[in-house]
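Q: One structure coming up, written as structure tokens, with questions to follow.
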Amino acid sequence: MAEMNENSGEYRNQAQATDLSLLVDLEARWENLRTIRQQDRGERSTTQDLVSKQKAYEAFRVKLMAYNKRYKPAHIPELLLNTPTRLGAWCRTMRDLYLQVEHDPQVHCPAYVVEKAYRWANRVGIRMNSDNDRIRNLPRPESIRDAIRDLEALGKWCDEVAMVSLDGVK
């Protein structure tokens, strides 16, 4: 993840925050495409599906290389968001990033980032036997402000799930 200023929670410069916001949305787009299982929906995977995944990966890979060449520390994709604590921390980091770039005209609504967050939340909820009704089938965010709100809500949901699991351990 990009280097943050400890006191403000902001990235060292606006250009880095903008580039990172675009990068993590490309990353999430590719990851979301990668995990779609047409068989789960009763469909066969097509050549067009494969081409879409390849194009999404290539766009992400090119942006990742450019970002890591320009900024230090390098962005390392978050691979494990499989616990409420990890997912909650990632959601808050993404929320903070998009709060910083919210008014930047280069940045678009991070719908793929939010979709990734919900996908992981559903997995965590199933694994933790949690009530997932609050996080299922929610509409895609239409603005960066909507995405920030969703990421904030998911972070709070993760905190609640983590507390319940800790209470169950006692």
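Rule-based calculations on the coordinates, nothing more; no lab input. Bear in mind that the values here come from a model prediction, so they are computed numbers and not experimental data. With ideal geometry, Cβ positions are generated from the backbone for all residues, glycine too; neighbour counts draw on all protein chains shown.
Q: Can you tally the net charge around residue 22? Count Lys and Arg as +1, Asp and Glu as -1, for every other residue whose Cβ sits under 12 Å from the Cβ of residue 22.
A: Around residue 22, the charge tally is -2.
Q: Sticking with the crude label model, points 7 Å out along Cα→Cβ, report the distance from residue 50 to residue 14 in nm, one decimal please.
A: 4.5 nm
Q: If you place +1 on the Cβ of every Lys and Arg and -1 on the Cβ of every Asp and Glu, how big does the dipole about the Cα centre of the stretch 14-169 come out, in debye to the nearest 20?
A: That gives a dipole near 540 debye.
Q: Here's something else I'd like to know. With no solvent and one equal point scatterer placed on each C-alpha of the stretch 14-169, evaluate the Debye formula and give log10 I(q)/I(0) for q = 0.09 Å⁻¹, two decimals.
A: Evaluating at q = 0.09 Å⁻¹ gives log10 I(q)/I(0) of -0.31.
Q: I would also like to ask the following. How big is the stretch 42-121 along each principal axis, measuring the range of its Cα positions in Å and listing the largest first?
A: 40, 32, 25
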